[in-house]
Amino acid sequence: MQRLYDFLRRHPTGVDSFWAVLLFGLSGVVIAEEGGRGAIGDLGVAALLCLVVALRRRSPVKMLLLATAAGVAQLILDSPQQLADFAMLVIIYTVASGPVRWASRFALIGGLLAPLIANLRWSDSGRGINQEIIGTVFMTVPFALAWVLGDSMRTRRAYWAQLEERTGRLEKEREQQAKMAVTAERARIARELHDVVAHNVSVMVVQADGAAYVLDASPEQAKQALETISGTGRQALAEMRRLLGVLRTEEGAEGGEYVPQPDVEQIGDLVEEVRGAGLPVDFQVEGAPRPLPSGVELTAYRIVQEALTNTRKHGGPDAGASVRLTFFDDGLGLLVEDDGRGAQHELYESGGADGMGHGLIGMRERVGMVGGTLDAGPRPGGGFRISVLLPIKPGGR
């Protein structure tokens, strides 16, 4: 049955032609039984009306005009009402369900006038005026129903077309949002990778330089430096695997290992690591520590990490730094200062030191994502200063 239904949907004109032939055959049988001198004219009108049924979906407006001409021919030839007149109901429904509004209105007016004209043309003198009116009304009802059904079908098709258009638009918007989310995630991963690589590689470079300097004079210090390089490299590889694992959606979905994002509590460990790499750092915490949104904690950790990396890379051999965390009622304050060479820091801020200037750009992006403010620049007495205020948003994560 499904195959038959699909076949009929693919060949609508063939289906209509079948019904047209059937209607013409039945009309011919009735006309032949009645006989009369106008039988040939009646068959001609019936043929025109059946042609209307056969081609109604291919050329609905033209078939409406052809049905009108056939009706006028019936009046002229004095051909009484016949079975083929059913084609008028069919074409009225077809045109009313189509997009051509003037043809739909023309079909409605013609359908309402056809019974009245037919009763006037072939009135029965044996019936009273009331019977004529009642008969006309009953004959008008099928034409009105055919138009109402067709117009309802047109409205329903328009509604479904609108739903399909809206669905397609929503699908495109979803795709665009997905692409935007992917772009944002890639940007976040790029910032994370920059922080991981810049911080750990700078530690490894400093330790390698120190190991090369004291290799002959103090083998123990060189050994300790090499161990620091090894541990830092492993940590960097672990964090890079975690970040790159986000891009491997299938492996991540099947149980890839993920570690918690760095938070404020790990800033102390970061400072100790930097101190072990040879940079003196003074670390202070003011206020009452408390849990913060994860986005704020990650931002605070990465800013301190980037700032200390900046100091090691651009502050000079004798630079020192200080880190101060201040817990407020409505936010977290960060102050990272150093006493290194300010000119090198200015190059870093403008992008001249590494050719890109991604450090401060990444800081500003991170702070902007959580609605905070950042102030960075050279200190009056030399060195560099980074001041950040990270607000705690209600319900933030």
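The values are calculated or read from the model by the stated rules, or taken from the named source; none is laboratory data. This is a predicted model, so every value here is computed, not measured. Quick reminder, even Gly has a Cβ in these numbers, built from the backbone with ideal geometry, and neighbours come from all protein chains shown. Ligands, DNA and RNA are stripped out before the accessible areas are found, and what is left, the full protein with its side chains, is counted by its heavy atoms. Shrake-Rupley method; radii C 1.70, N 1.55, O 1.52, S 1.80 Å.
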Which of the residues belonging to segment 3-42 are over 21 Å from Val90 (Cβ atoms) and assigned to a helix (DSSP H, G or I)?
Arg3, Leu4, Asp6, Phe7, Ala32, Glu33, Glu34, Ala39, Ile40, Gly41
Can you go through Val45, Val52, Val90 and tell me which one is among the hydrophobic types (A, V, I, L, M, F, W, C), under 48 Å from the mean Cα position of the chain (by Cα), more than 19 Å from Val141 (Cα to Cα) and open to solvent by less than 40 Å² (accessible area, probe 1.4 Å)?
Val52
Among (1) modelled with pLDDT of 75 or more; (2) surrounded by fewer than 17 Cβ atoms within 10 Å (Cβ to Cβ); (3) touching a helix residue (DSSP H, G or I) at 6+ places or on another chain (Cβ under 9 Å); (4) among the aliphatic types (A, V, I, L, M), where does Ala217 come up short?
(3)
Quick one: which of Glu346, Glu337, Glu306 is crowded, with 20+ Cβ neighbours inside 10 Å and either modelled with pLDDT of 85 or more or in a helix (DSSP H, G or I) (or both)?
Glu306
Residue that is surrounded by the fewest Cβ atoms within 10 Å (Cβ to Cβ), among those in segment 66-87 that are part of a helix (DSSP H, G or I) and of a type in the set (S, T, N, Q)
Thr68
For Ile134, which of the numbered conditions (1) of a type outside the set (Lys, Arg); (2) open to solvent by 20 Å² or more (accessible area, probe 1.4 Å); (3) over 22 Å from Leu43 (Cα atoms); (4) not in a helix (DSSP H, G or I) fails to hold?
(4)
